[in-house]
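Inspection log for the structure reproduced underneath, given as structure tokens.
The values are calculated or read from the model by the stated rules, or taken from the named source; none is laboratory data. As the structure is a computational prediction, the values presented were derived from the model and not from experiment. Using ideal geometry, Cβ is built from the backbone for each residue, glycine included, and neighbour counts are taken over all protein chains shown.
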Amino acid sequence: MRAILIFILSLLSPPLWASECPAFLNYDLPRLHANDTVNLCEIASGKPLLIVNTASHCGFTRQFEGLEALHQTYKGKNLMVVGFASNDFNQEAKTEEEAARVCRENFGVTFTMIAPSYVKGQRANPVFREINRQSEAPGWNFNKYLISPQGKVVKHFGSRVEPDDEALTQAIEEML
């Protein structure tokens, strides 16, 4: 009964996070190899984000391990790590099932992963369209974008910057 009441109330007025969250994060995005979606406003409103375009079969795929370590280190301080499986560089697994297996079984990924989509050009998903407008489009997989709680790209780190790189961790610490 309580769930029904909450649902009805949510139809009557927009949730509090809707007015505080940047519009480009307010989309229902399909989770990697799952039957549900995630709305970054719902799970990360008021939190800084580290958004990364990822790939399952790339020389940088090993960075999943370091990204998971960042997630574990900073989730208690409200940093959200979000991976976007990328369709742009022909390095993604053939199926979402395989991509999910690479992430979870090979690297123990527990942070939010979004199903494959485009991250550059006209076909870029809405999140990356705005990131690209504010910063620069990824030239390859594993570009890292530190996003403020207000939706501003604070810093961009290219593929060669490892998740444990001092410049990246220092930028995260300064944001928190």
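Do you know which of the residues in the stretch 1-40 that are surrounded by 11 or more Cβ atoms within 10 Å (Cβ to Cβ), of a type outside the set (G, A, S) and at pLDDT below 50 is farthest from the chain's Cα centre (by Cα)? Restricting to residues being surrounded by 11 or more Cβ atoms within 10 Å (Cβ to Cβ), of a type outside the set (G, A, S) and at pLDDT below 50, the top hit is P15.
The set of residues in the stretch 47-60 being assigned to a loop (DSSP other than H, G, I, E, B) and under 15 Å from L146 (Cβ atoms) consists of K47, P48.
Of the residues making up the stretch 83-110, those that are in contact with a helix residue (DSSP H, G or I) (Cβ under 7 Å, 6 or more places away or on another chain) and either more than 16 Å from N143 (Cα to Cα) or β-branched (V, I, T) (or both) are A93, C103, F107, G108, V109, T110.
Within the stretch 43-54, residues that are closer than 20 Å to P116 by Cβ have Cβ atoms under 9 Å from residues that are modelled with pLDDT of 95 or more and among the basic types (K, R) in these pairs: L50/K144; I51/K144; V52/K144; N53/K120; N53/K144, counting only partners at least 6 apart in sequence or on another chain.
Quick check on my filter: what residues within the stretch 80-117 are within 13 Å of the chain's Cα centre (by Cα) and either modelled with pLDDT under 90 or surrounded by fewer than 18 Cβ atoms within 10 Å (Cβ to Cβ) (or both)?
Passing the criteria: only T110.
Screening T73 with (1) surrounded by fewer than 17 Cβ atoms within 10 Å (Cβ to Cβ); (2) over 20 Å from Q150 (Cβ atoms); (3) in contact with a strand residue (DSSP E or B) (Cβ under 9 Å, 6 or more places away or on another chain); (4) of a type in the set (S, T, Y) gives one miss only, at (3). Per this entry, F128 is not counted among residues that are touching a residue at least 60 places away in the same chain (Cβ under 8 Å) and on the phi > 0 side of the Ramachandran plot.
Of all positions in the stretch 110-120, none carries a residue that is touching a Pro at 6+ places or on another chain (Cβ under 6 Å), among the small types (G, A, S) and on the phi > 0 side of the Ramachandran plot. Against the test of being more than 24 Å from C103 (Cβ to Cβ) and touching a Ser or Thr at 6+ places or on another chain (Cβ under 9 Å), the options P149, P138 yield a single qualifying residue, P149.
Going by what's in this entry, would I43 be described as in a helix (DSSP H, G or I) and modelled with pLDDT of 85 or more? Considered against the rule, which asks whether it is in a helix (DSSP H, G or I) and modelled with pLDDT of 85 or more, I43 comes out as yes.
For the stretch 139-176, filtering for residues that are of a type in the set (K, R) and more than 15 Å from the chain's Cα centre (by Cα) leaves 1.
Do we have R133 as over 19 Å from Q91 (Cβ atoms) and without any contact (Cβ under 8 Å) to a residue 60 or more places away in the chain here? Yes, satisfied.
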